[in-house]
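Only one structure is covered here, and it is reproduced in the block below.
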Amino acid sequence: MDGLNKGLRKVEIAMRWDPSPAGQPSTDLDLVAATYPADDPYGDPAYVVHFDSRSPDGTIYLNRDSKDGQGFGYDEVMTLELDRLDVRYARVVVGVVIQQRPAERTFASVTNPGLRIREGYTVLAEDDFGGVPGATAATVAEFVRDGSGPWVLQPGLRGFEGDPVSFTRTMGAAHRP
């Protein structure tokens, strides 16, 4: 039956958090995704998708962007159409960045954060960032494939301490098999 496995096709990454308490600066978390070429899957990303951007081919895009966590349900949602991603890409790493303006924050200072990764109605992974309380950013998932084979999820939360620009440059090198 393994020959019938089509792998992951269209995945949704959703993040939620509660607004900052009254009188405190707003908290802004952002989803980011970096795509890596098959000939160098742990090198520099071919491109990075974040707020105000999408992949050149339209396969990775942000559906919802929140700057303060206000709203119902999930505040930030990104879609990855892996089944449409060109065969020259072998890896997509997804992360979460806490914007450091107007106040410096770590996941410990974010009120009620949550992450859900799903395909259709099937939940593939969930997390509350409790494993990386001192981090300012974290990778939350890696999607990989071998050649033109099916995409698979390698979930895992890995914290990062530093500025958002440094994180997007190094997020794909953070974990090697």
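Does segment 70-115 hold any residues that are of a type in the set (Val, Ile, Thr) and over 23 Å from Gly23 (Cβ atoms), and which are they?
Val77, Thr79, Val87, Val92, Val93, Val94, Val96, Val97 - these are the residues of segment 70-115 that are of a type in the set (Val, Ile, Thr) and over 23 Å from Gly23 (Cβ atoms).
Would you check if Gly172 is within 25 Å of Asp18 (Cβ to Cβ), within 16 Å of the chain's Cα centre (by Cα), modelled with pLDDT under 95 and of a type in the set (Gly, Ala, Ser)?
Against the criterion (within 25 Å of Asp18 (Cβ to Cβ), within 16 Å of the chain's Cα centre (by Cα), modelled with pLDDT under 95 and of a type in the set (Gly, Ala, Ser)), Gly172 does not qualify.
Report every pair of residues separated by at least 6 positions or lying on different chains whose Cβ atoms are under 6 Å apart, first residue within segment 83-108 and farther than 23 Å from Gly156 by Cα, second open to solvent by less than 40 Å² (accessible area, probe 1.4 Å) and in a loop (DSSP other than H, G, I, E, B).
Sorted first by the residue in segment 83-108, then by its partner, the pairs are Arg84/Thr59.
Which of (1) touching a residue at least 12 places away in the same chain (Cβ under 8 Å); (2) out of contact with any Pro (no Cβ under 6 Å at 6 or more places or on another chain) is the odd one out, the single condition Ala46 does not satisfy?
Ala46 satisfies every listed condition except (2).
Six or more apart or on different chains, Cβ under 6 Å: which pairs go from a residue in segment 162-173 that's of a type in the set (Ser, Thr, Tyr) to one that's open to solvent by 30 Å² or more (accessible area, probe 1.4 Å)? Could you list them?
These pairs meet every condition: Thr168/Val48.
Kindly provide the set of residues from segment 40-87 that are assigned to a strand (DSSP E or B) and open to solvent by 20 Å² or more (accessible area, probe 1.4 Å), ordered by number.
Across segment 40-87, the qualifying residues are Tyr47, Val48, Arg54, Tyr61, Leu62, Asn63, Arg64, Glu81.
Please list, ordered by residue number, the strands (runs of 3 or more DSSP E) wholly in segment 95-162 having 2 or more residues that are closer than 19 Å to Ala33 by Cα and open to solvent by 40 Å² or more (accessible area, probe 1.4 Å).
Fully inside segment 95-162 and qualifying: 114-119, 122-127, 152-160.
Please work out which one of (1) farther than 19 Å from Pro41 by Cβ; (2) of a type outside the set (Phe, Trp, Tyr); (3) modelled with pLDDT of 95 or more; (4) touching a helix residue (DSSP H, G or I) at 6+ places or on another chain (Cβ under 9 Å) is the condition Leu115 fails and give its number.
(4)
Could you give every pair whose Cβ atoms fall below 6 Å, whose first residue belongs to segment 122-149 and is of a type in the set (Asp, Glu), and whose second residue is part of a strand (DSSP E or B) and open to solvent by less than 20 Å² (accessible area, probe 1.4 Å), counting only separations of at least 6 or pairs across chains?
Final answer for the pair search is Asp127/Leu115; Asp128/Gly114; Glu142/Val93.
Any chance you could count how many residues in segment 3-39 are open to solvent by less than 50 Å² (accessible area, probe 1.4 Å) and part of a strand (DSSP E or B)?
So the count comes out to 15.
The values are calculated or read from the model by the stated rules, or taken from the named source; none is laboratory data. Values in this document were obtained by computation on a predicted structure and should not be read as measured data. Note that we place each Cβ from the backbone using ideal geometry, even for glycine, and neighbour counts take in every protein chain shown. For the accessible areas, the whole protein counts, side chains as well, though only heavy atoms, and no ligand, DNA or RNA atoms are used. Shrake-Rupley method; radii C 1.70, N 1.55, O 1.52, S 1.80 Å.
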